[in-house]
Amino acid sequence: MKKVIVLTIMLLSLSIYAQNKKEITVSGQILEAGSSIPLEYATIAFIEQNTENIAFGGITDKKGKFQIKINPGIYSIHLEYISCETRIIEHTKYLKNTDLGNIELKPSSEMLEDVIIQGDKTTVEIRLDKKIYNVGKDLTAAGGSLSDVLNNVPSVTVAPSGSVALRGNGNVRILVDGKPSALVGLRSAEALRQLPAESIDRIEVITSPSARYDAEGTAGIINLIMKRNKLAGINATFLAKTGYPETGGGSGNFNYRTDKVNITNFTSYTYRETPGNSFVENHFFNLIEDPTAPNGVRNDPDSYIQEDREYDRIYRGLTINSGIEWFVNQSSSITNKFLYRASNIDNKTTNFITEFDENRNAVSDNVRIDPNKEKNITRQYSLNYDKKFENTDHRLSFDFQFENSEENDNTRITQTNSSIEELVETVIDQQNILLQSDYNLPLSDNYKIELGYRGIFNNRETAYLVEEDRNNTIITNTDLSNTLDFQQYVNAGYAQFESKFGKFSILLGVRAENTRITIEQKTSNDFNKKKYTDLFPTTNIGYEIGEKHTLTLGFNRRIRRPGTAFLNPFPARSSISNIFQGNPNLDPSYSNVVELSYLNKMPKLTLNASVYYNHTSDVFTFIDINTGERVTIGTDANNNPTFVPVISRTPVNLDQSDRYGVEFTVIYNPTKKWRINGNFNGSYYGIKGDFENENFDASDVSWSARLNNKFTLPGEVDWQTILDYRGPIRNGQIENEGVFTANLAFSKNLFKNKATLTFGINDLFNSNVGKSTVSATTFSSYSEYQWRIRTFNLSFTYRFKQKKGS
């Protein structure tokens, strides 16, 4: 009988043990401490009590959430994220489904006493759909501009002219906090050079945007995230900067947060002198089109025109960005923001023009002095309402934004050997209105839909007046003076569906955009309207190969719309013999983009590899044309007038282009004091099309590489070096040579880490010079352009934080 009882107990124990071995689910959400930002792709590992081996594991989704099935038992849980300290939940017994709630991970560099070390994260974070560049740890950009920061971001290149390209494609959409903004300005290249680097918290590079983003930008999106502190109490950062060529200024970033309000203010003033230079040589062949000649061509000796330009620029700029967020209740908030930017720019260009004959003997020379004064004012008001329902993923938001920008540009041009002075005035007045609403509805833990609307209404008037002062008699040049009214209204709606099942996650979306463009050329009474509606599907599919291995496939369709400068047919001159002329018949360009990416996160190494393909129809390209016109530049030794041909550059639509590329980004942390990240992008680019019976087919292979090395020297001095090389590329008529640049910086914390002193050298070898060659039927042109010479920067930052109740 005892044996039967013992056997029965054993069977019951085995039965209970078998029941207990059934899988249970442990869930939770991982957030960044202090900011409550969800940490996507954080890793969770369940360590067995006896063996200390990893028994189960997984990663978090976009919202930092995880659900992991385990066998009942006793485990310690290790939670890791690349920019945060590892957190361990010690041995705990798990016998039923358990929700761990919100789990916060601290940034890898702890807050010392009452000091906030802002932006002290890894320089680059890699997500499946984007790369996140943390500006706070970029020493080389301290005291510099946003353009300096972008020049250090993987996948992004900034040409000496200031134009921004993503993976070699110059059509990039730049957003601020996910929306169009006046911070980008009327002329984005100039605005990026003037916006202080310290105003930006991080930069998101999005190469496979979902349907919630604008379809504009065939290369992708660069999203600038402004600094915004979410800690309670008073927080402030003050920066003073100086440098050579002469630079000075300062900024303050203030934040006050209570349970009911969050008040922010960023104010910056900058004085900067920016000398630069350029060189252009036009070689005109002996075959010159001449309708009066017997066969339409006359044989003239070859001639050469050289233009050496020196630029002396002085920039003075004030930026004020203020906001107040009111927490209506625990689930609703209203935010008001106001932005004011004002700048004065003195820009003196001295152009030395020399004409040579076929034997390179100087025939004539001329000096053209172009002193320019420019004033800019931008005002922007924005309103945001955000509502969170009981389920935190269930949200509704509404945005309104109004922007007004004004630019007044005046120049009085003088030339030697000429008594005529040229007066040029450009006045731009622009108004933008943004309306946006987004709605997120979770259907279950693994399914969600998102709906939204965005309307962008742009009105822009450009008045260009050219006058000649002939012995105090003012005569208007009607061939150049013009006024252009431009309106572009884009109404867009989108819907997308997100799902996760097993190791797969999928995001499907479609965006519809209706575009209405009105172009009124008041000078010539030309009126043109365009209207078109397009669908832009997007697909992003992710697959978790393992705990830290992920594969994703993305597809999206994008558009590039021509702006006012590309459409205005009246010429604008950069010199007496080189003009830029818009094309009112320019059509939008469309791109289909496919990208396959692999992400592998190891303890000290993170690898992201991508292959991509971009097919574009009606692609934009620039054509240089010998207009056949000649303008006088002065007189020769016999006092006879000398003339130079006029070259016009204009944008046109060619048939198509294809770009095949591969990109690698590697982040390696050998030790706590040493960080390395590198980026390589290589692509094949081919373009096809004819214009005015001339074929512009071209193809080439280009590549770029960037190495960012940060090391802590003895004495806790941080040393950062960034090496960048952009390889040569040929596109239609134009062949651009490769450009190498190097930036160097040192940084030291002072006063118990409450302050930081940073010294940097941008363009260490003074090598950031763009060189290009244009090859046409009747002429060739070689040019060099250096927007800014090597600079030295010194900045001092002081941080202050007072915790709530202290």
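If you check Ile506, Ile456, Ile474, which single one turns out to be among the aliphatic types (A, V, I, L, M), within 25 Å of the chain's Cα centre (by Cα) and either assigned to a strand (DSSP E or B) or not assigned by TED's automatic domain parsing to the domain that holds Gly58 (or both)? Sole residue among the options that is among the aliphatic types (A, V, I, L, M), within 25 Å of the chain's Cα centre (by Cα) and either assigned to a strand (DSSP E or B) or not assigned by TED's automatic domain parsing to the domain that holds Gly58 (or both): Ile456. Leu764: in the same structural domain as Ile789 (by TED's automatic domain parsing) and free of Cβ contacts under 8 Å to residues at least 12 places away in the same chain, yes or no? No; evaluated as a whole, the condition is false for this residue. Scanning region 535-560 for residues that are more than 23 Å from the chain's Cα centre (by Cα), part of a strand (DSSP E or B) and β-branched (Val, Ile, Thr) yields Ile541, Thr550.
Yes/no per residue for (1) part of a loop (DSSP other than H, G, I, E, B); (2) within 28 Å of Asn540 (Cα to Cα); (3) modelled with pLDDT under 60:
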residue	(1), (2), (3)
His91	no, no, no
Leu112	yes, no, yes
Lys121	yes, yes, yes
Leu128	yes, yes, yes
Val149	no, no, no
Asn152	yes, yes, no
Thr157	no, yes, no
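Residue check: is Phe527 in a loop (DSSP other than H, G, I, E, B), farther than 30 Å from Arg212 by Cβ and of a type in the set (Phe, Trp, Tyr)? So Phe527 fails the test.
The condition (being more than 24 Å from Glu281 (Cα to Cα), of a type in the set (A, V, I, L, M) and over 30 Å from the mean Cα position of the chain (by Cα)) is satisfied by just one residue among Leu383, Leu435, Leu443, Leu339: Leu443. Could you tell me whether region 667-690 includes any residue that is in contact with a Pro (Cβ under 6 Å, 6 or more places away or on another chain) and buried (at least 19 other Cβ atoms within 10 Å of the Cβ)? Yes, that holds for at least one residue.
Taking the criterion of being closer than 30 Å to Lys529 by Cα and crowded, with 21+ Cβ neighbours inside 10 Å, the residues of region 583-599 that qualify are Ser589, Ser591, Val593.
If you go through region 53-89 and keep only what is in a loop (DSSP other than H, G, I, E, B) and without any contact (Cβ under 8 Å) to a residue 40 or more places away in the chain, you end up with Asn53, Thr60, Lys62, Gly64, Glu85, Thr86. Residues that are within 12 Å of the chain's Cα centre (by Cα) and either charged (D, E, K, R) or at pLDDT 80 or above (or both) number at least 1 in the following strands (runs of 3 or more DSSP E) confined to region 164-272: 164-166, 172-176, 200-206, 220-226. Among residues of region 395-419 that are under 15 Å from Thr462 (Cβ atoms), those with a Cβ under 8 angstrom from a residue that is surrounded by 15 or more Cβ atoms within 10 Å (Cβ to Cβ) and of a type in the set (Gly, Ala, Ser), sequence gap 6+ or separate chain, pair up as Ser405/Ala182; Ser405/Gly185.
Against the numbered list (1) assigned to a strand (DSSP E or B); (2) surrounded by fewer than 21 Cβ atoms within 10 Å (Cβ to Cβ), Gly715 comes up short only at (1).
Please verify whether Leu553 is more than 30 Å from Lys130 (Cα to Cα) and not aromatic (Phe, Trp, Tyr), treating the condition exactly as stated. Criteria not met by Leu553. Considering (1) of a type outside the set (Asp, Glu); (2) in a strand (DSSP E or B); (3) within 28 Å of the chain's Cα centre (by Cα), the lone condition that Gly628 does not fulfil carries the number (3).
Taken as a whole, the structure leaves Glu390 outside the set of residues that are at negative phi, part of a strand (DSSP E or B) and modelled with pLDDT under 95. Go through (1) surrounded by 17 or more Cβ atoms within 10 Å (Cβ to Cβ); (2) part of a loop (DSSP other than H, G, I, E, B); (3) modelled with pLDDT under 90 and name the single condition Lys752 misses. (1) is the only condition that Lys752 fails. Return the residues of region 728-744 that are modelled with pLDDT of 90 or more, in a loop (DSSP other than H, G, I, E, B) and touching a Phe, Trp or Tyr at 6+ places or on another chain (Cβ under 7 Å); say none if nothing qualifies. Within region 728-744, just Gly738 meets the criteria. Candidates are the residues of region 688-711 that are in contact (Cβ under 8 Å) with a residue 40 or more places away in the chain and not in a loop (DSSP other than H, G, I, E, B); the one that is farthest from Asn169 (Cα to Cα) is Lys710. Taking every residue in region 578-596 that is farther than 30 Å from Ser524 by Cβ and pairing it with any residue that is aromatic (Phe, Trp, Tyr) and surrounded by fewer than 18 Cβ atoms within 10 Å (Cβ to Cβ), at least 6 positions away or on another chain, the pairs with Cβ-Cβ distances below 9 Å are Asn592/Phe555; Asn592/Tyr613; Val593/Phe555; Val593/Tyr613; Val594/Phe555; Val594/Tyr613; Glu595/Phe555; Glu595/Tyr613.
The values are calculated or read from the model by the stated rules, or taken from the named source; none is laboratory data. The model shown is predicted, which means the values in this text are computed figures rather than measured ones. A quick note on method: Cβ atoms are made from the backbone with ideal geometry, for glycine too, and the neighbour counts reach across all protein chains shown.
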